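Remarks on the structure that follows.
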Amino acid sequence: MKKFILSATFLALAGLTAANASEVKDLKTTAIVAVQDSAVKTPVKLEELPEPVTTALKSDAYKGWTATEAWSVKEGAKEYFLINVKKEAETGSVKIDKDGKPVQ
């Protein structure tokens, strides 16, 4: 009788272990997707910005704002300039393409 109870207990534990192992196996098949920023930023001196960009920064749309830093950004097929601007205590950034047009 002891052998029967011991065998039944062993089979029950083996069954539980197999059930838990299959649950872990299902978790391993879950796909994990990571999205990485593919934009490439290169610092640009403010005095080296193209003329259309500096003209756009002097327009009424950015009146009172002063450019503080600039980067050339290549994001896939898009190319634009990311320019940090400051107006008194406010700060912000604008995206302008090489032709001086705002980028969305």
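The values are calculated or read from the model by the stated rules, or taken from the named source; none is laboratory data. Note that the coordinates shown come from a computational prediction; the quantities given were computed from them, not determined experimentally. Cβ placement follows ideal geometry from the backbone for every residue including glycine, while neighbour counts extend to all protein chains displayed.
Taken over segment 61-75, the criterion of being in a strand (DSSP E or B), among the hydrophobic types (A, V, I, L, M, F, W, C) and more than 18 Å from the chain's Cα centre (by Cα) is satisfied by 67, 70.
Condition check ((1) among the charged types (D, E, K, R); (2) outside any helix (DSSP H, G or I); (3) at pLDDT 95 or above) across all residues:
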site: 13; (1), (2), (3): no, no, no
site: 22; (1), (2), (3): no, no, no
site: 30; (1), (2), (3): no, yes, no
site: 33; (1), (2), (3): no, yes, no
site: 38; (1), (2), (3): no, yes, no
site: 79; (1), (2), (3): yes, yes, no
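Within segment 54-79, the set of residues being out of contact with any helix residue (DSSP H, G or I) (no Cβ under 9 Å at 6 or more places or on another chain) and aromatic (Phe, Trp, Tyr) comprises just one member, 71.
Counting the residues of segment 76-91 that are at positive phi and either in contact (Cβ under 8 Å) with a residue 40 or more places away in the chain or more than 18 Å from the chain's Cα centre (by Cα) (or both) gives 1.
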